[in-house]
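**Q** The structure follows.
Every read-out reported here was derived from the displayed coordinates using simple, explicitly stated rules and does not represent laboratory data. These figures come from a predicted structure and were not determined experimentally. Here the Cβ positions follow ideal geometry from the backbone for every residue, glycine too, while neighbour counts run over all protein chains shown.
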Amino acid sequence: MMAGEERGVEREKGQAAAFPASVGSTGGDRWGRQRVPMLLAGLGAMAGFGAALGGYALFFEPFSVRTERMALRLLRERPGIPSEGLNILHLSDTHFRGADRREHAKIAQVRRATAGEKIDLLIHTGDFLHDDRGLENVLALVDSLPKPRLGAFAVTGNHDYLFYSMRRAPVYTWRVFRAREEGAGSGNGGRPRVDVDDSGMALARRILRFGRYLLQNRMDGEPVGQNDIARLRRALEERGIQFLDNRAVRLGSTEVYLVGVEDWLEGRPDLQKGFAGVPRGAPTVLLSHNPDIIASEAAGRADLILCGHTHGGQIVLPLLGPAYTHSEQLARGEASGYTRRGNTHIYVHRGLGESIPVRFGAPPHVTFIRLLPAHEEPDMFCAG
Ligand SMILES: [Fe+2]
């Protein structure tokens, strides 16, 4: 027994010698015991923060309709625009789909934001619908708006033609990308028409190019059905909205022209046809759902381009900016609001609705734009 005890003592001594930090291991256990609740608390705080951000993006910001106002002077002399300017109410991308609670809330906010405003033009730059179930609420929205003095005008957006599934968007986008690489998709947004097999290094290089393609803000939902665009147009035309499909109108007794083009992705945009009959040098506003129309040289004839489609990126990340602009022509920072090309003002509307129903840092809005002549007229009563 004694020997065993001694051996045991020796063993303890040996352990102490072999593990001189055994005293510290008691502190380590304490730290370990403290670390678990601290980690849990940290994870809990992160989960809570994430849930709060998610709740904000899902339930608050999409319903927070803002009002934006701006005055724009033409960037070149264009005689014929009233000296007091034109007051434009610009809406876009309502994306209604019959989700009554969401859509009624937005309609009520738009009604409050626009009540009593004196407007010359009411403009909607497309994506009225997400799918056909939204028509009734689109009409309710139009009925809630102030009546314009010179008319209401619109162009169609890609969602007015089709509805899309985002579930298979990555696979579909890959197919579109491949078709574009094969040169089969030009002129219609790159819809796939061919299948080409890849293997080995060629495939690896193609995957790298696909990564760059995604970074250029292309992610297409897969078209899975058609909306009844004829019914939408009929219903809106009955309410006095004129669709400008590759055509122009002169605004009342002014010399100002309004040109509209069909959607860049799903329609057949034709600027030559749109500008036909518009005198060179006349002040012109161009309506296009998709801002990528600026790739066409003829778009430079316009003094102001009004467009939508980007939703302002919908999710705008701190430091990084809009997550996805859905535009190949705009820089990431141009996905929302004012920008410019040459002598052409461009205004990109973030929209009132959403495709995927979240917004963060890109709230829905209505915009009032006052379009003014290039120079202020001299005051006749000023001494000089
Ligand atoms: Fe849209």
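**Q** Once Rh for region 28-158 is found with the Kirkwood sum over Cα pairs, what is the Stokes-Einstein diffusion coefficient at 4 °C and 1.567 mPa s, in µm²/s?
**A** Diffusion coefficient, whole number: 70 µm²/s.
**Q** Taking loop as defined by DSSP and a crowding limit of 11 other beta carbons within 10 Å, which trypsin sites (Lys or Arg not before Pro) in region 278-354 fit?
**A** R280
**Q** Just to confirm the filter: which trypsin sites (Lys or Arg not before Pro) across region 73-171 are DSSP coil and have at most 15 other Cβ within 10 angstrom of their Cβ?
**A** Those that pass, being in a loop and sparsely packed, are R76, K118, R149, R167, R168.
**Q** Using a Förster radius of 25 Å, what is the FRET efficiency between V36 and Y56 based on their Cβ-Cβ separation? Nearest 0.05, please.
**A** Efficiency for this residue pair is about 0.25.
**Q** For Q242, what residues show an amide H to amide H distance below 5 Å, using hydrogens built from the backbone and excluding near sequence neighbours?
**A** It is A152, F153, A154, by chain and number.
**Q** Can I ask one more? Quick one: Karplus J couplings for region 312-326, per residue in order, coefficients 6.51, -1.76, 1.60, θ = phi - 60°, nearest Hz, x for Gly and Pro?
**A** Values per residue, Gly and Pro as x: x, x, 6, 10, 10, 8, x, 6, 8, x, x, 5, 8, 8, 6 Hz.
**Q** In the chain, which whole DSSP H runs stretch at least 15 Å along their own axis (Cα) and average -1.0 or higher on the Kyte-Doolittle scale?
**A** Taking the DSSP H segments of the chain (at least 15 Å long, mean hydropathy at least -1.0), we get 22-55, 169-181, 200-215.
**Q** When DSSP assigns beta bridges and you keep just the ones with both residues in the chain, what percent turn out antiparallel, to the nearest 5?
**A** 40 percent
**Q** With a cap of 11 neighbouring Cβ atoms within 10 Å, and only residues DSSP puts in a loop, list the chymotrypsin sites (Phe, Trp or Tyr not before Pro) found in region 284-384.
**A** Answer in residue order: F381.
**Q** Same structure, new question: Under the 0.36 nm per residue contour assumption, what length would be gained going from the current alpha-carbon distance of E117 and A204 to full extension?
**A** Gain on stretching E117 to A204: 25.6 nm.
**Q** Follow-up question, since we're still on this one. Report the dimensions of the chain along its three principal axes from the alpha-carbon atoms, largest first, rounded to Å.
**A** 118, 60, 49
**Q** Would you mind ranking H159, H375, H365 so that the residue whose beta carbon has the fewest other beta carbons within 10 Å leads the list?
**A** Ascending number of Cβ neighbours within 10 Å: H375, H365, H159.
**Q** Take every DSSP beta bridge with both residues inside region 255-384 and express the antiparallel ones as a percent of the total, to the nearest 5.
**A** Among the beta bridges of region 255-384, antiparallel pairing accounts for roughly 35 percent.
**Q** So what's Rg/Rh here for region 299-384, counting alpha carbon atoms and using the Kirkwood radius for Rh?
**A** 1.14
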